[in-house]
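Chemist: First, the structure itself, so that you have it in front of you.
Bear in mind these aren't lab numbers, they're just calculated from the coordinates by the rules spelled out. As the structure is a prediction and not an experimental result, all values here were calculated from the model. FYI the Cβ positions are ideal-geometry reconstructions off the backbone, even for glycines, and counts take in every protein chain you see.
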């Protein structure tokens, strides 16, 4: 059911990773995404996977939840794999019809799939260990140091916070309206695509009306409490770095150094083909 | 018709850290001609319970038995059940979506595949029950009506399915006193005249005390009491214990008795209370005290 979908997929348990400052996690994830593309040999991939495994182990999150996010992009991974297997030139291993399967193709496909999986798992560790609110908090701080968008940082993060805050509400509302229409004999499951699309109208109309009303009321309530954007606005809880954050930054730097070394130092290179 | 819940438990988000048992081993049945009031705190499982009665939720454990037949998971079973058991949700006006009042109320009967003529008859009947004039309102947009009128249109939208059991979840929440009275009167008349079985979910003790002939008290997913109102509302201490106040009338009668007046302190309905006080004061008849 709709209720079972967890947006932001925050998994609330105690761990060193959960306790890190959101900025640390955002920076680490950002760096990880970029540095993953430096990997071009066995050592590089092993390093990427190793750092990720360390992170997962420290986060106390069951593997089942960590890998759930991969399911969402399974099709993309599959397409990538199929394309790589069939179009990469190399020694032909066997043929399926006019399609050639090469050894380089198989290896390429495997590494592509690995890289995509690491990308998704790496980013979902951040969302699994950081509550949506502290994530947007962290983003606001991070955006404040970027020149072009500095002046919109607060507004952007406020918009994100509000959107995130109202996703569960909206889900609940959709669930409720769906049930109410079902109670009146509506059928959302059978019929052709066109019929199904038509059947959604009784859910969408009340949902939109409700959202507009809520947005209007929220804006009014914020203005009534003198909200006027980010100018001179102070916060109740300032983000602050702890000892663990410093360690995490050091680990990040070490990771970057090792990954770059794996690509350029001949000593560390065990090339793929 | 009768609906039975046998050892029903319901757990939300099973197998995740958000797991929550909303119903624990519920066992009860609804029979013909009853007017049941379900009371309990927010989060006591009332809403989850009633969604089991018309197949919107399936029990995690246990079974739902309708007219002696166990409900399966098949969609046919559920659709058939939903035709017989009408459910009006809290703030039902949030479900309105059509351009006109007529079309919105006709949504249910249309889903049943009835003829145009039958649909019109049903809409007419349903609007009459909730006290909306057919000719005046049928072409109006439901979104330009007042809150109370919208609520009544939404209730009519369920009534037009002609359910044998009508379940209402907090039908009077957020309405002004007149709006509340109008809706309660419609529901009571429906029960009296058309012999519809009614289940009224509420945390307003006075509403339930006035109307129900059987009261179910829920607390943290369990049925705490299930008895006629006279047995429930006289246990003021027990109700207070779980944070549900007793009806105003019974508190008044107790206060009067404490103050030395010779009255029966087990009375919880306004009309009886009036007679009892007049009797104690040795006065004649007063004016009627409520419209129902």
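Chemist: Can you give the calculated 222 nm mean residue ellipticity of the protein assembly as shown, where each DSSP H run of n ≥ 4 adds -39,500 (n - 2.57) and the sum is split over every residue, rounded to the nearest 500 deg cm²/dmol?
Modeler: Result for the protein assembly as shown: -17000 deg cm²/dmol, rounded to the nearest 500.
Chemist: Just grab the label-to-label distance for residue A:19 and residue B:176, each label 7 Å out from Cα along the Cβ direction, in nm (one decimal).
Modeler: 5.7 nm
Chemist: Right, here's the next one. Grab the beta carbon distance between residue A:204 and residue B:139, set R0 = 22 Å, and tell me the FRET efficiency rounded to 0.05.
Modeler: The value I calculate is 0.40.
Chemist: One-quarter of the Cα convex hull surface for chain A, in nm²?
Modeler: Across all orientations, chain A yields a mean hull projection of 21.1 nm².
Chemist: Would you kindly calculate the translational diffusion coefficient of segment B:80-189, applying Stokes-Einstein with the Kirkwood radius from alpha carbon pairs, for 4 °C and a viscosity of 1.567 mPa s, and quote it in µm² s⁻¹ without decimals?
Modeler: My calculation gives 95 µm²/s for D.
Chemist: Compactness ratio of segment A:1-84: Cα Rg over 2.2 N^0.38 Å, N = residue count?
Modeler: 1.28
Chemist: Rounded to the nearest 5, what % of the DSSP beta bridges within the protein assembly as shown are antiparallel ones?
Modeler: Bridges in the protein assembly as shown that DSSP calls antiparallel: roughly 55 percent.
Chemist: Sort out for me the Cα centre separation of segment B:51-81 from segment B:117-164, rounded to whole Å.
Modeler: 28 Å
Chemist: Determine the percent antiparallel among the DSSP beta bridges restricted to chain B, to the nearest 5.
Modeler: 50 percent
Chemist: Going by a ≥ b ≥ c, the root eigenvalues of the Cα gyration tensor, does segment A:151-273 fall in the rounded group (a/c under 1.5), the prolate group (a/b larger than b/c) or the oblate group?
Modeler: Details: a/c = 3.78, a/b = 1.51, b/c = 2.50.
Since a/c reaches 1.5 but b/c is at least a/b, the shape of segment A:151-273 is classed as oblate.
Chemist: How large is the Rg to Rh ratio of the protein assembly as shown when both quantities use alpha carbon positions and Rh follows Kirkwood?
Modeler: Result for the protein assembly as shown is an Rg/Rh of 1.09.
Chemist: Could you calculate, for chain B, the ratio of the Cα radius of gyration to the Kirkwood radius, expressed as Rg to Rh?
Modeler: 1.00
Chemist: Sequence gap at least 6, Cα distance under 8 Å: using those rules, report the relative contact order of chain B to the nearest whole percent. Walk me through the intermediate numbers first.
Modeler: Working: 534 pairs, mean separation 60.4, N = 292.
Reported relative contact order: 21 percent.
Chemist: Then there's this: Can you put A:146, A:120 in order of Cβ neighbours within 10 angstrom, beginning with the fewest?
Modeler: In order of increasing Cβ crowding within 10 Å: A:146, A:120.
Chemist: Moving on. Based on other C-beta atoms within 10 Å, arrange B:223, B:216 from fewest to most.
Modeler: B:223, B:216
Chemist: How far apart, in nm, are two points set 7 Å out from the Cα along the Cα-to-Cβ line at residue A:123 and at residue B:242?
Modeler: The two pseudo-label positions are separated by 4.8 nm.
Chemist: Additional query: For segment A:126-219, compute Rh as the Kirkwood radius over C-alpha pairs and then the Stokes-Einstein diffusion coefficient at 20 °C and 1.002 mPa s; write the answer in µm²/s, rounded to an integer.
Modeler: For the chosen part, D equals 134 µm²/s.
Chemist: Ok, one more. Please work out the ratio of the alpha-carbon Rg of segment A:1-145 to 2.2 N^0.38 Å and round it to two decimals. If you can, show how the numbers build up before the last one.
Modeler: Details: Rg = 18.1 Å, N = 145, 2.2 N^0.38 = 14.6 Å.
Compactness ratio reported: 1.24.
Chemist: Which of B:182, A:187 comes first, and how do the rest follow, when ranked by fewest Cβ neighbours within 10 Å? Display every interim value, and only then the final one.
Modeler: On the way: B:182 20, A:187 14.
Ascending number of Cβ neighbours within 10 Å: A:187, B:182.
Chemist: FRET efficiency for residue B:125 and residue A:214, Cβ-Cβ distance as r, R0 = 41 Å, nearest 0.05?
Modeler: Between residue B:125 and residue A:214 the formula returns 0.75.
Chemist: Can you give me the Cα centroid spacing of segment B:1-28 and segment A:244-265 in angstrom?
Modeler: Cα centres, segment B:1-28 to segment A:244-265: 51 Å.
Chemist: Relative contact order of segment A:88-163, please, whole-number percent, based on alpha carbon pairs below 8 angstrom and at least 6 residues apart. List each step's numbers first, then the result.
Modeler: On the way: 46 pairs, mean separation 13.3, N = 76.
With pairs under 8 Å counted, the relative contact order is 18 percent.
Chemist: Given segment B:93-158, report the % of alpha carbon pairs whose separation exceeds 15 Å.
Modeler: So the pairs more than 15 Å apart make up 40 percent of the total in segment B:93-158.
Chemist: Any idea what the relative contact order of chain A is, in percent, if you count C-alpha pairs under 8 Å spaced at least 6 apart?
Modeler: Result for chain A is 32 percent.
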